1. Run the paramagnetic zone check for residue 285: 7 angstrom along Cα to Cβ, then residues of the stretch 188-231 with backbone nitrogen under 19 Å.
2. Quote the relative contact order of the chain in percent (integer), defining contacts as alpha-carbon pairs under 8 Å separated by 6+ residues.
3. If the chain between residue 81 and residue 55 were fully stretched, how many nm would it gain, using 0.36 nm times the residue separation less the Cα-Cα distance?
4. Calculate the tail of P(r) for the stretch 1-145: the fraction of all Cα-Cα distances greater than 18 Å, expressed in %.
5. I need to check one value: relative contact order of the stretch 4-153, counting alpha carbon pairs closer than 8 Å and at least 6 residues apart, in percent.
6. Order these by the 10 Å Cβ neighbour count, fewest first: 136, 111, 1.
7. When the Cα centres of the stretch 17-83 and the stretch 190-269 are compared, how far apart do they sit, in Å?
8. Would you mind calculating the relative contact order of the stretch 85-216 from Cα pairs under 8 angstrom and at least 6 residues apart, reporting the percent as a whole number?
Ligand code: C5P
């Protein structure tokens, strides 16, 4: 029987500036995003109706019901066709790296591949209505996101060695936006430099921010502990939170340094989710494969 397998990569906000707020309460952002070769895996098989089963190390506490973003994403493009979706969850839930949004975007790609059809007109708006991170999670390659996440510009970034760390505490995004002390901060520089490698990119990123980080550290102090632990690892050039947390990332000049840092941190913090990853373009891995 046909089986479509789709990879749903983690999205990492290398910088996230909160530049204003819309009348409907959503915040305007200016964010630099890259994707990790770490993510969830969806399998879709033809079926009478849409259904979802869950497995994987991070699936505990997640509902396979109609509210699950993977089902809601698939439903957007199902056009009456069914699919049995199996989701292997490897990304911690509610963790600032797009897990649910990545699943929804992957379900859309998988459902379209199962049906052998192209994305319908207006899909972008439907995705945005499901979640502000969904449009960017469709791209899976480095980008700059503005608006509330719907104005997307592809970027060329060098592969960036990183260590992703989550203290296994879910964080509710609305609570972090509510806790912001300032809602109108400077955007990223209008013109971004061309980076020759990870070293100049990290130097440049050090001048940028995640404006949600102070609020998130106040709401969930474990995030501060993760950032401190990352900063103390040999070779860690920059430690920052992704999205609204709690996942943080450390950046390194080389992949070997990131791998060594992962070993050291795993030995010290057995309860944390720790994933070394070279951030960049994951479009190839995220393309649906027929099995
Ligand atoms: O769109 P999404 O469901 O991911 O957003 C969750 C919540 O986070 C929104 O209801 C809103 O409170 C907040 N949010 C925001 N500005 C954004 C994205 C999310 O205020 N750009």
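1. Within reach of a label on residue 285, which here means backbone N under 19 Å from a point 7 Å along Cα→Cβ, the stretch 188-231 contributes 198.
2. So the answer I get is 27 percent.
3. Full extension from residue 81 to residue 55 adds 7.0 nm.
4. When every Cα pair of the stretch 1-145 is considered, 55 percent fall beyond 18 Å.
5. 30
6. 1, 136, 111
7. If you average the Cα positions of each part, the centres end up 25 Å apart.
8. 22
Any read-out appearing in this document is the output of simple, stated calculations on the displayed coordinates, not a laboratory observation. Values in this document were obtained by computation on a predicted structure and should not be read as measured data. Please note: Cβ atoms are built from the backbone with ideal geometry, for glycine as well, and neighbour counts cover all protein chains shown.
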